[in-house]
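Heads up, the thing below is written out as structure tokens.
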Amino acid sequence: MKKRATRRRIKSPRKRKSLLKKYEKYDRMLDRISRKMITAFMVEVSNTVLPRVLDLSKIEDQQKSKILQDNDTLLTLESLISLAGAVSFGQFNERELRELVEPIYMSMGKEYSQDIARTMVSANPDVLIEPRISESLMDTLKRSTNETVKYLLETQQTAIIGTQKTIGQGIEAGLRWEEIAQKIAPKIEADAYRTAWNRAKFVARNEVSTALGEISKTQQEDAGIELYEWQTSEDERVRDTHRNLNGKIFSWNGIVTVNGTTYSPASDPNYNGGSDTIPGQPWQCRCVALPYFPD
Ligand SMILES: [Zn+2]
């Protein structure tokens, strides 16, 4: 079923690594959008919620225990946080986010498809390359854009929930209001925003590598290439399931028989219940697909 590649393959792990490395700039572009988004929320929390929390800190100690059990206080804070979310994320709604994210994917698609074209031609000079971004590549880029926008919208919710939770947990732990105020102060590493920020960074890295994998698939299929060789980055960070796939030949789509040899799509037992996968698709995967031309 799976055959080892023996010929016409590009063997340069160092070169391959630097190829993906240059695409980290797209992670950073998505990161900048997340940072702007979360910062706008922090500023709004600091303008509307923080003063209220600091007011509470001025209340006499004997009254404090009564207020801690006072649900109205909590409800007021929760609704202020929701309001802060609505105000700050209003400028980062779905349409606005798409306008920010789409150009990033368009330039990523252009740059990567040119790199893939070079790889394909160096593997087989006869391969036919589309000079422009094809319709199917455009679809792929739009899908990636939508997916990223969806995750960014979820990150907004994570920031709101994180802030509400931080206050709730602070009260439960018996913290003073001044201490709770510290945890919602406008700092990206503050408790209230840390989860959202970490998640945003994770999403940026993951979405870029998934998109690169899908661009590669689309581009190779557009050129009529049915088979590819799975290549890991051949370092200690490669997961075992992908080390097992390294150097093997797979089909992009369904079972394919070429010159008597049958090829099937790759699968990672730890990804999506072991269903078909492509390099770059599983979380944080840095593997790539090299075009393969059978005899
Ligand atoms: Zn991988």
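Regarding region 169-184, can at least one residue be identified that is over 17 Å from residue 214 (Cα atoms), outside any helix (DSSP H, G or I) and at pLDDT 95 or above? Yes - at least one qualifying residue is present in region 169-184. Could you list all residues from region 111-131 that are among the polar types (S, T, N, Q), part of a helix (DSSP H, G or I) and touching a residue at least 12 places away in the same chain (Cβ under 8 Å)? Once the filter is applied, which keeps residues that are among the polar types (S, T, N, Q), part of a helix (DSSP H, G or I) and touching a residue at least 12 places away in the same chain (Cβ under 8 Å), region 111-131 yields 113, 119, 122. Taken over region 117-133, the residue count meeting the criterion of being surrounded by 14 or more Cβ atoms within 10 Å (Cβ to Cβ) and more than 19 Å from residue 294 (Cβ to Cβ) is 4.
The values are calculated or read from the model by the stated rules, or taken from the named source; none is laboratory data. Here the structure is a predicted model, which is why all the values come from computation and not from measurement. Here the Cβ is made from the backbone with ideal geometry for all residues, glycine too, and neighbour counts use every protein chain on show.
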